[in-house]
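Notes for the one structure printed next.
The values are calculated or read from the model by the stated rules, or taken from the named source; none is laboratory data. Keep in mind that this is a model prediction, so the values were computed, not measured. Cβ placement follows ideal geometry from the backbone for every residue including glycine, while neighbour counts extend to all protein chains displayed.
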Amino acid sequence: MDVAALKKEIIEYSRTIGIDKIGFASADPFTELKERLYQQQQLGYQSGFEEPDIEKRTNPSLLLPHARSIIAIALAYPSKMKNAPRSTREERRGIFCRASWGQDYHRILRDCLEKLEQFILERVPNAKLKSMVDTGELVDRAVAERAGIGWSGKNCSIITPEFGSYVYLGEMITNIPFPPDTPIEDQCGTCNKCVEMCPTGALVQGGQLNAQRCIAFLTQTKGFIADEFREKIGNRLYGCDTCQLVCPKNKGKDFHLHPEMEPDPEIAKPKLKPLLHLSNREFKEKFGHLSGAWRGKKPIQRNAILALAHYKDETAIDDLLKLLKEDPRPVIRGTAAWALGKIGNKRVIDELKKAKQEEKDEEVIKEIEKGIHMLQEIK
């Protein structure tokens, strides 16, 4: 088998199925990464969404016996929304991060990888292949870096010379010994903008993230958001783009190469108040195709409440009172109570006091007390 010729064929074929960049790497263990991951674990910086077994995350042979190579792929997504609707005083809007615009990228990349697998198996029927996107065991960024897709930026994203960091990543482990590509040299230099501009200080230093403080992570949690982060979430419903938006390497990068990645402006930047009362079925019908919907409607609705508080939106008071009195979920009732205090309309203080008398959940009672306290502070 002429492996170099097969590699060339794969590269040419990848362009016909919508893969914007492809690279090849050895399947050797990621020894430096392994040390870093153990350190992150000890510091409590992990999100908890990762594969818990660090050995599996750093040793491809544990995932595919006799692994010899990894094929890394990248697809570029848009950074600008056409016809973006404006938020008005009467109808405030939230925002999904750019990585959650359009169709769920997991499906898009899996489709590309499946086609790539079929192409390889037609030529090498006994080839062993294992593909993954984001939720797999391997660290996508480490694979992409080794395969020459881009360098690992200080914002903990892969930055490509062509598309900046606006790329989705996926990979395929194989027992075929492809010639590896050369990694790209780090080009962040002395720039430290992402670290300096991170809203919560989640970027501890260039290349080190405390996921527990990261807004992108916090918007995906299901419980109460810690007080110190609530205002900093702003109008974000899912994810955070700050460390990408401030990156000079992303200046002018905006690619519209895949129609399925194009955002529907009314979904990527939806009105906040209608979000509060969606049923599970309505949420699934409207937002189910987004990658940002994977945790269900509760985190999105909680974040919408925080966004209304951020705007101090008095037109949402009746909606929030309805949630406080009727919603069966403590996180929603409690966050609504806090938001009412934050909005600062003193006419609701009696409603909060009444709700406190009727509330049974201790955490919700604390949130109601916070709301009352904020309103009593207003002169």
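Please state which one of ILE378, ILE349, ILE365, ILE372 is more than 25 Å from ARG93 (Cα to Cα) and modelled with pLDDT under 95.
Working: ILE349 fails: modelled with pLDDT under 95; ILE365 fails: modelled with pLDDT under 95; ILE372 fails: modelled with pLDDT under 95.
The match here is ILE378.
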Subject >> Selected residue [of a type in the set (A, V, I, L, M, F, W, C) and within 26 Å of ALA339 (Cβ to Cβ)] from CYS194, CYS198, CYS188, CYS247 >> reply: CYS198
Original post:
Restricted to the stretch 11-41, and to residues that are surrounded by fewer than 19 Cβ atoms within 10 Å (Cβ to Cβ) and aliphatic (A, V, I, L, M), which residue is farthest from ARG57 (Cα to Cα)?
Top reply: ILE17
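Of these, ILE184, ILE173, which one is of a type in the set (Val, Ile, Thr), under 21 Å from LYS34 (Cα atoms) and crowded, with 22+ Cβ neighbours inside 10 Å?
Working: ILE184 fails: crowded, with 22+ Cβ neighbours inside 10 Å.
Checking each option against the conditions leaves just ILE173.
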**OP:** Take the residues in the stretch 186-195 that are within 11 Å of VAL246 (Cα to Cα) and in a loop (DSSP other than H, G, I, E, B), then tell me which one is farthest from the chain's Cα centre (by Cα).
**Re:** CYS191
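With the stretch 273-379 as the region, which helices (runs of 4 or more DSSP H) entirely inside it contain at least 2 residues that are touching a helix residue (DSSP H, G or I) at 6+ places or on another chain (Cβ under 9 Å) and under 22 Å from TYR238 (Cα atoms)?
On the way: elements: 280-287, 297-310, 317-326, 330-343, 349-358, 362-377.
So the answer is 280-287, 297-310, 317-326, 330-343.
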**OP:** Residue by residue through the stretch 271-293, note down the ones that are hydrophobic (A, V, I, L, M, F, W, C), surrounded by 21 or more Cβ atoms within 10 Å (Cβ to Cβ) and out of contact with any Asp or Glu (no Cβ under 7 Å at 6 or more places or on another chain).
**Re:** LEU272, LEU275, PHE287
Subject >> Complete set of residues in the stretch 23-46 that are hydrophobic (A, V, I, L, M, F, W, C) and more than 22 Å from the chain's Cα centre (by Cα) >> reply: PHE24, ALA25, ALA27, PHE30
**OP:** Can you tell me which residue among ILE71, ILE95 is out of contact with any Asp or Glu (no Cβ under 8 Å at 6 or more places or on another chain) and modelled with pLDDT of 95 or more?
**Re:** ILE95
Original post:
Would you pick out the residues in the stretch 185-195 that are over 19 Å from ALA144 (Cβ atoms) and touching a residue at least 24 places away in the same chain (Cβ under 8 Å)?
Top reply: CYS191, ASN192, LYS193, VAL195
Subject >> Residues of the stretch 196-215 satisfying the condition of being in a helix (DSSP H, G or I) and surrounded by 20 or more Cβ atoms within 10 Å (Cβ to Cβ) >> reply: ARG213, ILE215
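For every residue, the table says whether it meets (1) over 24 Å from ALA268 (Cα atoms); (2) out of contact with any Leu (no Cβ under 9 Å at 6 or more places or on another chain); (3) assigned to a strand (DSSP E or B).
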{"site": "GLY102", "(1), (2), (3)": "no, no, no"}
{"site": "ILE108", "(1), (2), (3)": "no, no, no"}
{"site": "GLN118", "(1), (2), (3)": "yes, yes, no"}
{"site": "GLU122", "(1), (2), (3)": "yes, yes, no"}
{"site": "ALA127", "(1), (2), (3)": "yes, no, no"}
{"site": "GLY148", "(1), (2), (3)": "yes, yes, no"}
{"site": "LEU169", "(1), (2), (3)": "no, no, yes"}
